[in-house]
Amino acid sequence: MSDDPGRYLAAGPRVGLRAYALDDAAEFTAHVRAGRALHRPWLFPPDSPEAYATYARAILADSAREGFLVCERAEGGRLAGFVNINNIVRGAFLSGTLGYGAFAHAAGRGVMSEALGLLLPYAFGPLGLHRLEANIQPGNAPSRALVRRAGFRLEGFSPAMLFIDGDWRDHERWAITAPRTGPADRPAPPAGSSGPAAHRL
């Protein structure tokens, strides 16, 4: 049972990306609860309707975030995961931080690789970003492999970078930048801007 590609911001052969909606709470959280063994200790997405509502409203209301649900087109749009661009900084930086997760039934099937392949042209095109960064704990081999396949490069290591699951965790910093066609493809920063602004995580 396939669905209409017109409902998505971007659609590929198997998956489509669309915005979060509050009425996705039941399906999203059911997948999260079913996939706890896959996600932890790396990821803690909302697992109750109340937590999902808070999470989705925050993404939808925040101009420094763009969030998308990854949907399986052959399954009538069943949710397969999510991918978010957080901490978007404009001006001279034009950067965002990537967050993502596959649900257990979709893991290991190339679904998230296709989703990132759809997201990058949007981030570097209509969204106007120059750089995306993914911060990944060193032991999370599937996540490291995912971004490597998408063309991200390993830029460095940050000890005790993020507070996750009760402790400060080390992270590797992976990043990708937009293809350059020449010096004029990067917009000038607004007047009075000297560089990236500080944004919350």
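Derivation of every value follows stated rules applied to the coordinates shown; laboratory data play no part. Since the model is a prediction, treat every value here as computed from it, not as a measurement. Glycine also receives a Cβ, built like all others from the backbone with ideal geometry; neighbour counts cover every protein chain displayed.
The calculated 222 nm mean residue ellipticity attributable to helices in the chain amounts to -7500 deg cm²/dmol, summing -39500 (n - 2.57) over DSSP H runs of n ≥ 4 and dividing by all residues.
Within the shell of other residues whose beta carbon sits under 9 angstrom from the beta carbon of residue 174, the net charge comes to +1, with Lys and Arg scored +1 and Asp and Glu -1. Taking amide H positions as modeled 1.01 Å from N, with prolines and chain starts lacking one, the residues under 5 Å from residue 164 and 5 or more places away or on another chain are 169. Charge tally around residue 138: other residues with Cβ under 13 Å, Lys/Arg +1 each, Asp/Glu -1 each, net +1. Evaluated on the range 5-179, the Kirkwood hydrodynamic radius is 16.5 Å, with distances taken between all distinct Cα atoms. Across the range 39-47, coupling constants 3J(HN,Hα) worked out from phi with the 6.51/-1.76/1.60 Karplus curve, θ = phi - 60°, read 7, 8, x, 8, 9, 9, x, x, 10 Hz, and Gly and Pro carry x.
Which residues in the range 69-101 place their backbone N less than 18 Å from a point set 7 Å from the Cα of residue 27 along the Cα-to-Cβ direction? Answer for the range 69-101: 69-84, 101. Here 155, 27 are placed in order of increasing Cβ neighbour count within 10 Å, fewest first, which gives 155, 27.
Could you work out the local net charge near residue 109, counting Lys and Arg as +1, Asp and Glu as -1, over the other residues with Cβ closer than 12 Å to its Cβ?
-2
Shown in residue order for the range 18-27 are the 3J(HN,Hα) couplings computed by the Karplus curve 6.51 cos²θ - 1.76 cosθ + 1.60 at θ = phi - 60°: 9, 6, 4, 9, 5, 7, 7, 4, 5, 5 Hz (x for Gly and Pro). Whole-Hz Karplus values for the range 166-171 come out as x, 7, 7, 9, 5, 9 Hz, taken residue by residue from phi with 6.51 cos²θ - 1.76 cosθ + 1.60 and θ = phi - 60°; glycine and proline positions read x.
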